[in-house]
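I have placed the structure first, in the form of structure tokens, so that the comments after it can refer back to it.
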């Protein structure tokens, strides 16, 4: 656990670069790791792996369905394929391929998806998928991970190589504050408790973790103390950490760069409604598509700003 | 290695198995299964190198096979059982609850012989390419075989895969197309024509062969020729002309038996045309 006031990141890097760096490291460490990319090698930061291990890198062209099928086939023979494309083309475009050839067939494929959510920015709604967490967590056998910064993405990329089964790893495009460290352990399915408080639990995933930390600092200055939990693994979700925190604070806010339907908020709501019904406020995109714009401007416009988390926390506290 | 006559007798028995399996549950896909019985028998009875008693998911150091058009599972299950992957008695569980012999093949039930779920069409060629590339990375000189329906080629993913295999030099892959020109809604040429199928595959960069899939000696010879093309930089495709319902007169010449099981009377009539050679399950 950390003192919120001690979290003052000075450096920023994109989470996709954390993925690229870890993939290159896996290339050196594990000869069974192979990578496939559908014409977005630079965007996914897969070029270091591609240049260093050309025999184990497969450029598939703009043909994502074939890429997913090839990845499933490469597991037969003991390979661990990492596929790379944007989150939209990693999920919705190839849902049935993932469903049959990876999830149902229990193939050890790591579906690595960049440019998720609104923070993809200027390319607009065609590319800003806000439904991917929901799509992937509905699939039996699928593990779903959405890391929060460069080093957490780096560590998650390494960790999923030791997870025997399909994984959806979701990360993003923009440079984002770095507040985890290279040596911070990453355990799949285990929440990271960032701060301890008694008034409200704020549960966040992905880029929204940084906003949750800032909101908790502001709330602290206003006299509210917050439990801040980073749920990086949305499936399997850390029920114990959620229930321990919420049984103390008695109210919860979830924050995610995703549609309010099907994502982190719903995953948490399912845990709570079954075990500990609790006032719960969502900070999420309100069932709409995004648009072109600068990442932080989009987060603000679509109700995902720091101030939105603060307001949601106060509302949740009032509902206790 | 079995001789051609033995293989013909085996394929007749497999045809009986198919008919009895789908009849027992009044569901399943007999037409394409009957049409491909000779191909499966040749593949598992003579061509492929494998050990049915030591089945592994990885299939290292043996030939492996993927069925992309998973609805013809009856012919695959009967073939696997008749070649020792599991007991022939298990064929009577086909499509019943708690069975490993699901309507469409799956890995979820740990059935020996099956390495990938199939049924949703168009996915198997991509998978076969991936497995072929894994064999190359493993310096495993064995061959990957796959089977695809002709109607299935209407799925766009097939052509993504058709483009990828020559580009990636998957020359340890022999894909076969079951070209019976029948699909659920009618003749393939009417539903959505494949045009000049041989020219299409050649244009995509495949070594393209054609064969009569209902003549055992031709199937054996062509698979042998296909094998001789492996390792020469290009994947191999065989356009296999078959007759849907082959071996049962009233099931041939129509698409009607794609996914319909015979009733008691039709079963008896069909079995009369197929001599019990090895013994029914």
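The values are calculated or read from the model by the stated rules, or taken from the named source; none is laboratory data. Computed from a prediction, not measured in an experiment: that's the story for all the values here. Neighbour counts are summed over all protein chains in view; Cβ atoms, including those assigned to glycine, are modelled from backbone coordinates with ideal geometry.
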**Message:** For the list (1) touching a strand residue (DSSP E or B) at 6+ places or on another chain (Cβ under 9 Å); (2) more than 19 Å from residue A:317 (Cβ to Cβ); (3) assigned to a loop (DSSP other than H, G, I, E, B), I need the number of the one condition that residue A:278 fails.
**Reply:** (2)
**Asked** Is it the case that some residue within the stretch B:81-102 is in a loop (DSSP other than H, G, I, E, B) and within 13 Å of another protein chain (Cβ to nearest Cβ)?
**Response** yes
**Request:** Could you identify the single residue in B:109, B:62, B:155 that is more than 10 Å from chain A (Cβ to nearest Cβ), surrounded by fewer than 21 Cβ atoms within 10 Å (Cβ to Cβ) and under 27 Å from residue B:260 (Cα atoms)?
**Result:** B:109
**Asked** Out of curiosity, is residue B:142 part of a loop (DSSP other than H, G, I, E, B), modelled with pLDDT of 95 or more, more than 10 Å from chain A (Cβ to nearest Cβ) and touching a strand residue (DSSP E or B) at 6+ places or on another chain (Cβ under 8 Å)?
**Response** yes
**Prompt:** Quick one: which helices (runs of 4 or more DSSP H) sit completely within the stretch A:6-80 and have at least 2 residues that are within 14 Å of chain B (Cβ to nearest Cβ) and under 22 Å from the mean Cα position of the chain (by Cα)?
**Reply:** A:64-74
**Fill in**
Every listed condition ((1) in contact with a helix residue (DSSP H, G or I) (Cβ under 8 Å, 6 or more places away or on another chain); (2) buried (at least 23 other Cβ atoms within 10 Å of the Cβ); (3) at the interface with chain A (Cβ under 7 Å from one of its Cβ atoms); (4) in contact (Cβ under 8 Å) with a residue 24 or more places away in the chain) holds for residue B:134 save (4)
**Asked** When the residues of the stretch B:221-258 are filtered to those that are part of a loop (DSSP other than H, G, I, E, B) and touching a strand residue (DSSP E or B) at 6+ places or on another chain (Cβ under 7 Å), which remaining residue is modelled with the lowest pLDDT?
**Response** B:255
**Message:** On the basis of being more than 14 Å from chain B (Cβ to nearest Cβ) and at pLDDT below 95, does residue A:177 make the cut?
**Reply:** no
**Request:** Go through the stretch B:184-220 and give me each residue that's assigned to a strand (DSSP E or B) and either more than 18 Å from residue B:152 (Cα to Cα) or touching a strand residue (DSSP E or B) at 6+ places or on another chain (Cβ under 9 Å) (or both).
**Result:** B:207, B:208, B:209, B:210, B:211, B:212
**Complete:** Within the stretch B:163-181, residues buried (at least 24 other Cβ atoms within 10 Å of the Cβ) and at the interface with another protein chain (Cβ under 9 Å from one of its Cβ atoms) come out as B:164
**Complete:** Exception for residue B:122 within (1) more than 9 Å from chain A (Cβ to nearest Cβ); (2) touching a residue at least 12 places away in the same chain (Cβ under 8 Å); (3) on the phi > 0 side of the Ramachandran plot falls at (1)
**residue B:270 being farther than 22 Å from residue B:177 by Cβ and in contact (Cβ under 8 Å) with a residue 40 or more places away in the chain** = yes
**Prompt:** What are the residues in the stretch A:90-133 that are surrounded by fewer than 20 Cβ atoms within 10 Å (Cβ to Cβ) and either in contact with a strand residue (DSSP E or B) (Cβ under 8 Å, 6 or more places away or on another chain) or more than 14 Å from chain B (Cβ to nearest Cβ) (or both), if any?
**Reply:** A:92, A:122, A:123, A:124, A:125, A:126, A:127, A:131
